[in-house]
Amino acid sequence: YRRIFDRQVAQALGAMPLDKVTATRLRKLYADLQRPNPDNLRAPNGLSKNSVHKIHVAIGAMFDAAISDRLLSVNPARQRKTVKAPTSREVRRQRRERDGDMITLTGAQLRAFLDWDRDGFDDDVHTIWWVIAHTGLRRSEALALRWSDVDLDRQRVKVLRAIDTGKPAAQRGQTKGTKSDNPRVVDIDAETVRIIRQWRTLRAALSLELARPHAYVFGSLDGTPRNPNALSQMFTRRVAKARKALGSDALPEITL
């Protein structure tokens, strides 16, 4: 929600007095956000209904607070017939349509990519891709792992936190709870244990501080957490290189 306010609400409405934001103005905002815009590198085809629905929820809450503080008497976001924000039903329908086209890797494709990344590309962060592939952790969860969360003898990983991608640049690297806010334990196989042990040995060779219990498993060389968005970009570049090396038929375009 912090990202929503910084990128969407503040830019579109931030300079307007509260009582000048009408239901008609919100309707135009939601329509504009869903319209294709090549200049928007994050969403050139326009925002999804789910994203616009979240923006609408955030704006509605903001104006509810203004009413509670007696700054307004009417919440323009609650005038549904005029605002016409995406409904929960529309969000679910679009999600079903999107997920129907979702591209996933087969076991053979995953093995081909990981083998190429290790042997052909000689990737110094190969372990990150391996662990994400073999645990199902979200990127922010994997990057927030500390060595104290990894029990190699019992072959399991505790998922307790995630990197908070909603913080401003000056506050990046802070952690928050997991998406569901429920810690969980993930079992790992013997090969994953072996690969993580090798990774810890490499980290310790760089600096003993990088292998201590409090250290981030996949942190930067200065010990701070990696940026999840930067990690996604790294993965996309590697997939592009792998497709050139293995052939586009051998590996589809896929995001982290």
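Report, by residue number, each residue of segment 41-56 that is among the aliphatic types (A, V, I, L, M) and either touching a strand residue (DSSP E or B) at 6+ places or on another chain (Cβ under 8 Å) or open to solvent by 60 Å² or more (accessible area, probe 1.4 Å) (or both). Talk me through it step by step, then tell me what you get.
First pass over segment 41-56, keeping only residues among the aliphatic types (A, V, I, L, M): 41, 43, 47, 52, 55.
Passing the criteria: only 41.
For residue 122, the conditions (1) more than 23 Å from the chain's Cα centre (by Cα); (2) under 27 Å from residue 235 (Cβ atoms); (3) part of a helix (DSSP H, G or I) all hold with the exception of (3). Of the helices (runs of 4 or more DSSP H) lying entirely inside segment 21-119, those containing at least 2 residues that are of a type in the set (Val, Ile, Thr) and in contact (Cβ under 8 Å) with a residue 24 or more places away in the chain are 49-68, 80-83. If you go through segment 177-228, how many residues are out of contact with any helix residue (DSSP H, G or I) (no Cβ under 6 Å at 6 or more places or on another chain) and either assigned to a strand (DSSP E or B) or of a type in the set (Gly, Ala, Ser) (or both)? Adding up the residues that qualify gives 12. Scanning segment 3-20 for residues that are assigned to a loop (DSSP other than H, G, I, E, B) and open to solvent by 70 Å² or more (accessible area, probe 1.4 Å), which turns out nearest to residue 71 (Cα to Cα)? The extreme case among them is 17. I'm trying to understand the selection: among the residues of segment 143-159, which are of a type in the set (Gly, Ala, Ser) and open to solvent by 10 Å² or more (accessible area, probe 1.4 Å)? 148, the sole residue that qualifies.
Taking the criterion of being farther than 13 Å from residue 256 by Cα and either open to solvent by less than 10 Å² (accessible area, probe 1.4 Å) or in contact with a Leu (Cβ under 8 Å, 6 or more places away or on another chain) (or both), the residues of segment 123-139 that qualify are 125, 126.
For segment 190-205, does any single residue satisfy the condition of being open to solvent by less than 40 Å² (accessible area, probe 1.4 Å) and of a type in the set (Lys, Arg)? Write out each step before concluding.
Keep residues of segment 190-205 that are open to solvent by less than 40 Å² (accessible area, probe 1.4 Å), which gives 192-193, 195-196, 199, 203-204.
Narrowing further to those that are of a type in the set (Lys, Arg): 203.
Looking through segment 190-205, at least one residue is open to solvent by less than 40 Å² (accessible area, probe 1.4 Å) and of a type in the set (Lys, Arg).
Within segment 210-223, how many residues turn out to be under 17 Å from residue 149 (Cβ atoms) and out of contact with any Lys or Arg (no Cβ under 8 Å at 6 or more places or on another chain)?
Result for segment 210-223: 2.
The values are calculated or read from the model by the stated rules, or taken from the named source; none is laboratory data. From a predicted model like this one, the values you see are computed outputs, not experimental measurements. When we count neighbours, we look across all protein chains shown, and the Cβ atoms used for this are built from the backbone with ideal geometry, even at glycine. Note: accessible area is taken over every heavy atom of the protein model, side chains too, but ligands, DNA and RNA are not part of it. Shrake-Rupley method; radii C 1.70, N 1.55, O 1.52, S 1.80 Å.
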